[in-house]
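See below for the structure under consideration.
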Amino acid sequence: MMKADSNSHHSRAVISDQPHNFRRVEIRSFIIILMFASSFLPSDAIAQELPNLVAAGDVTATSAVLWARATVTGPVRFEYGLSQSFAAGSTESMSVDVVDRTVPAKVEIGGLSPGSLYFYRATDAEGAASSGRFRTPALEGRNGLRFGVSGDWRGDLAPYPSVGNVPDRGLDLFVALGDTIYADVPSPDVPISQCATIEDFRAKHNEVYSERAGLNTLAALRASTAVLAMIDDHEVTNDFAGGAPPSMGSIFAGEMVDFVHDTAVFTAGTQAFHEFNPIRTEFYGDTGDPRTSGKMKLYRARNYGLDAAFFMLDARTFRDEELPTIGATAAQSVVEDFLRRSFDAARTMLGRAQIEELKDDLLAASAAGVTWKFVLVPEPIQNLGPSLASDRFEGYAAERTELLRFIDENAIANVVFIAADIHGTVVNNLTYQLDCGGPQLYTKAWEITTGSVAYAAPFGPTVASYVDEDSLGPAAGLFQLVYGLADRAGRDGIVTFASQLLLGGYGLDAVGLDFSPIDARLTKGGYVAVNTFGWTEFEIDAESQCLAVSTWGIDWYDGSDLAGRREEVLARTPQIVSQFIVRPEGSRVLVCPNPSANEGGAFSQCGCGVLFPIPFIFLGMTGISRKSSRRWSGRSSE
């Protein structure tokens, strides 16, 4: 600021020292004309926006973290209040000095009113400014709630039209559920295969929240609502395990520390994540466990009145090294060995301190009468089969059983797990085994996976590419033919059938909530939507407490699509590709109302595209019949 003042004083001195009076008059006339003309310009032509706009997060009923990145050093001023006008006397303010323009500014504000809509603005030392809004959670009552969740966006696929409608949805919260950068995938601003320095990681985060082709979609999303953010693996590198020794990966090897989460690369990656997200920096105390004591704490628990409680899990920082990955064609002995080792009770994904805190918070929410309990975890907990399961909760089966059994035996109602990572939407009720090879025991909990915002290719085409004669036998050719001819909804149906076959072969429940303990009804599409980029919206009706779940999507694209037909790709508008309504356990409402997220839907209720050949339907029905022939009648399967 001192430098800026000094420069402007020097400019005034030069003007006043002009030797000719007509020169002073000419300058004054120019200034008057410029001021007059500027009154006819749009405001955004006068005031420059901040490069990543603004964000607010880690919001509680009375506090929040405000975030912005300036392009110059000097003070950044944050103003906030209940008035959108920012009129004098209606706002409070805080300032923070920026000494490195690559590091964003953050302030924590307190004394806020619960259940209130706040407006805020950040202004840097040169006058660039951006504004945003957020709502604080209510402390009590059932007021209704609307929030969104997604994850997984690559820098080379910006500017993310799949979430372009989020600011218009009036959300109370948006959850960024991991893989908020891909540090191990080259991108325009960071064209290297693996980030290694803090500068690399910062450039990756800056890239995804910066303008591309005239759009800054993720930044606009973050300015429109409160944000809750979590890491997954790609904030550092693919499939890393923070609780493993550094020898697990070449980028960590050689450091004389006990855990990956103590290495320089992990520290740089998570430091940049903290810097570029509106979150508090918290640490565990003395937990008695060296893997968590004094370490970074990303776990969060947040209540929104009696509508919902959120529990956001860090599934990376403390996990043990993953088991060796097995494929769909692995020998039976290899599959059995994987399943046996996954039930090793000494192995953890979450770390003991986090598990116990989650249990306590779930019990507290249940005792308080909170209707919905949302467990936010980057990796799926539903059974998708042992193929490629080492990175998911299925690779830590003993801990998975401990958590689901706890929810089951304590009768904690209306528990919903929300995950990302697999780049598609798959919905299923949750079962568990007490030991390897034991019967599947039903719970009343269920899970939905969501996203990706932009990862090519998504789950559907990826699964289709794995199908060959080794995995599906003679039906593989028919599968590829039908998949190639089908439209988007039809391909979702084909992947659903293929999943039923796979899960049925492992003795697992078919996907979906039909014939399960969950009182749900589809209103659009199906329980699988895996051929799009997008996000999922959750809406709790204040009166009935029914939960509407709407997945928004666009046709997916890759780098060649962006290069060859950018305008068409960026013009894609999210539409509802899957929607269902769940009546909460214990509800007195007989029929749930229709959700408000019903505009822009692309498909009819059946969600069908091209018709499937009869032989393929016959193959798929073997999986469907597995769940429908075993209607839920208690905790254990037949």
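The values are calculated or read from the model by the stated rules, or taken from the named source; none is laboratory data. None of the values given here were measured: they were computed from a predicted structure. So basically every Cβ, Gly included, is an ideal-geometry build from the backbone, and we count neighbours across all protein chains shown. Note: areas computed on protein heavy atoms with side chains; ligands, DNA, RNA excluded. Shrake-Rupley method; radii C 1.70, N 1.55, O 1.52, S 1.80 Å.
So I have [x] 18, 52, 24, 5, 1; [y] 18, 43, 24, 12, 3, 0; [z] 17, 41, 28, 13, 1, and one of them is P(r) over Cα pairs in 20 Å bins from 0, in percent calculated from this model. Which one is it? Label [x] holds the value from this structure.
Applying 1/(1 + (r/R0)^6) with R0 = 30 Å to the Cβ-Cβ distance of D558 and A330 gives a FRET efficiency near 0.55. When only alpha carbons are used to place a centre, segment 519-565 and segment 274-341 end up 25 Å from one another.
Would you mind telling me the share, in percent, of accessible area of segment 106-242 contributed by carbon and sulfur at probe 1.4 angstrom? Here it works out to 46 percent.
Mean residue ellipticity at 222 nm from the helices of the chain, using -39,500 (n - 2.57) per DSSP H segment of n ≥ 4 over the full residue count, to the nearest 500 deg cm²/dmol? Roughly -8500 deg cm²/dmol at 222 nm, from the helical runs in the chain.
Could you give the length gained on full extension between A413 and D168, defined as 0.36 nm per residue of separation minus the Cα-Cα distance, in nm? Here the answer is 85.0 nm.
The alpha-carbon atoms of segment 249-310, seen along their principal axes, cover 50, 30, 18 angstrom, with the largest extent given first.
Which distance in Å, rounded to a whole number, links the C-alpha centroids of segment 42-113 and segment 397-465? Going from one Cα centre to the other spans 38 Å. Its residues counted as N, segment 100-235 yields a C-alpha radius of gyration over 2.2 N^0.38 Å of 1.14.
Counted residue by residue at 0.36 nm each, then reduced by the alpha carbon distance between them, the extension gain from E543 to T573 reaches 7.7 nm. Of the trypsin sites (Lys or Arg not before Pro) found in segment 95-151, those that fall in a DSSP loop while having at most 16 other beta-carbon atoms within 10 Å are R101. Restriction of the trypsin sites (Lys or Arg not before Pro) in segment 551-591 to DSSP coil positions whose beta-carbon has at most 13 other beta-carbons within 10 angstrom yields R565, R588. If one takes the longest principal axis of the Cα atoms in the chain, at what angle in degrees, from 0 to 90 and to the nearest 10, does the Cα axis of helix 475-485 lie? So the helix axis and the longest Cα principal axis differ by about 40 degrees. Per residue, the solvent-accessible area of the chain (1.4 Å probe, heavy atoms of protein chains only, all protein chains present) comes to 41 Å².
Which of the GluC sites (Glu not before Pro) found in segment 471-565 are in a DSSP loop and have at most 12 neighbouring Cβ atoms, other than their own, within 10 Å?
When the GluC sites (Glu not before Pro) of segment 471-565 are filtered for loop state and at most 12 Cβ neighbours within 10 Å, E543 remain.
Entry note: segment 464-578 has Rg to Rh equal to 1.04, where both radii use alpha-carbon atoms and Rh is the Kirkwood radius. Note on the chain: Lys pairs 8 or more places apart or on different chains, Cα atoms under 26 Å apart, count 17.
Between D189 and S465, the FRET efficiency estimated from the beta carbon spacing at R0 = 25 angstrom works out to 0.30. The translational diffusion coefficient of segment 204-254, from Stokes-Einstein at 10 °C and 1.306 mPa s with a Kirkwood hydrodynamic radius over alpha carbon pairs, comes to 116 µm²/s. A Cα-only calculation for segment 194-352 places Rg and Dmax at 18.3, 54 Å. Between D360 and S116, full extension at 0.36 nm per residue minus the direct alpha carbon distance yields a gain of 85.1 nm. Taking the longest Cα principal axis of the chain as reference, the axis of helix 21-38 is set at about 30 degrees. Rounded, prolate or oblate, given the Cα gyration tensor of segment 405-551, with a/c below 1.5 counting as rounded? It comes out oblate by the Cα gyration axes. Annotation: average projected area of segment 404-447 is 3.6 square nanometres, based on the convex hull of Cα atoms across all directions.
Among DSSP bridges having both ends in the chain, what percentage is antiparallel? Round to the nearest 5.
Antiparallel bridges make up about 75 percent of those DSSP assigns within the chain.
By how many degrees, 0 to 90 and rounded to 10, does the Cα axis of helix 198-208 deviate from the longest principal axis of the chain? That helix lies at roughly 90 degrees to the long axis.
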